[in-house]
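A.B. asks: Let me give you the structure first, and then I'll get to my questions.
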Amino acid sequence: MPDVVSNHSRSLHDALARLARTSLIGGRISEAVRLRNGNTLINEGVFGRFFEVTPDGGVVWEYVNPYFGGPPNAQTNSVFRVQRYSNAEIERARRAT
């Protein structure tokens with residue numbers, strides 16, 4: 001039985017990643033990246049939204065860019081690319097500055 005559950009979870013996770021690559025992606029921005037921990041980081045760039053999804057479909061965290069800008073008379077909060085950093089990477093960067 002655990003194999004069925006893990007296969008189902010893997011299938012759901014793969015389906016979410018596929019959905020992110022097709023439905024959520026704008027023409028020039030957005031992405032879905034499989035992380036080392038097995039989760040998927042999804043950037044819905046046109047809408048300024050990015051989030052992390054577990055293999056079983058749970059949302060770990062979500063963020064919507066609150067900053068709008070752009071050419072005159074345009075209001076957009078688009079995000080071109082996101083990068084997830086581990087706590088160790090953040091700590092290393094803090095020590096380097």
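A.B. asks: Search segment 44-53 for residues being modelled with pLDDT under 90 and surrounded by 20 or more Cβ atoms within 10 Å (Cβ to Cβ), and hand back the single one that is nearest to residue 28 (Cα to Cα).
C.D. replies: Checked segment 44-53; the qualifying residue nearest to residue 28 (Cα to Cα) is 45.
A.B. asks: Name the single residue that is farthest from residue 86 (Cα to Cα) among those in segment 17-36 being at pLDDT 80 or above and surrounded by 13 or more Cβ atoms within 10 Å (Cβ to Cβ).
C.D. replies: Among those that are at pLDDT 80 or above and surrounded by 13 or more Cβ atoms within 10 Å (Cβ to Cβ), it is 29.
A.B. asks: Can you tell which of 56, 14 is at pLDDT below 80 and among the acidic types (Asp, Glu)?
C.D. replies: Going through 56, 14 in turn, just one is at pLDDT below 80 and among the acidic types (Asp, Glu): 14.
A.B. asks: What are the residue pairs meeting all of these: first residue in segment 45-57, first residue more than 20 Å from residue 78 (Cα to Cα), second residue of a type in the set (Lys, Arg), Cβ atoms under 7 Å, and 6 or more apart or on different chains?
C.D. replies: Partner pairs satisfying both residue conditions: 55/10.
The values are calculated or read from the model by the stated rules, or taken from the named source; none is laboratory data. Computed from a predicted model, the values in this text were never measured in an experiment. For neighbour counting, all protein chains shown are included, and Cβ atoms are generated from backbone atoms with ideal geometry for every residue, glycine included.
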